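What follows is a set of notes on a single structure, which appears directly below.
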Amino acid sequence: MLWSNKALLAILWEMFPNHPNLLASYLDGPRGMTNFVRKPLLSREGANVTVRKGSTETTTPGPYGEEGFVYQALAPEWMSEGNAPVIGSWYVTDVGPAGIGIREATGITDNLSRFIPHYFD
């Protein structure tokens, strides 16, 4: 459960501020960021995610958010043929699946996103 809680993003940012592999993340609000993503701490499949780009805001529906949110800087998207690659990986001890999910440029990664699984041994 610990690794699924998005509060970990803010904790990592607090421990390693300005690390090149992390995005600014906070639990107490966007702290002046104008381009950010608000994610429920315990959501899944892209539910209840808000993407804010300047004054434009897009939110997905879902049952999450009562547990609180993390606010994370919005990373610039790299686009290819109308799609943006999203890398996601999970590890259980020293063995686990890793993959590259592909989502449509207008959406947020969810249970309908295309997924290309990979396993690295």
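Which members of region 20-64 meet the condition of being small (Gly, Ala, Ser) and either modelled with pLDDT under 95 or loosely packed, with under 12 Cβ neighbours inside 10 Å (or both)? Result: GLY29, GLY32, SER43, GLY46, ALA47, GLY54, SER55, GLY62.
Count of region 1-59 residues, restricted to those that are free of Cβ contacts under 8 Å to residues at least 60 places away in the same chain and in a loop (DSSP other than H, G, I, E, B), is 27. Only one of the numbered conditions (1) at pLDDT 75 or above; (2) surrounded by fewer than 16 Cβ atoms within 10 Å (Cβ to Cβ) is not met by GLN72, and that is (2).
The values are calculated or read from the model by the stated rules, or taken from the named source; none is laboratory data. These numbers were taken from a predicted model, which means no experiment stands behind them. Cβ coordinates were reconstructed from backbone atoms using ideal geometry, including for glycine residues, and neighbour counts include every protein chain displayed.
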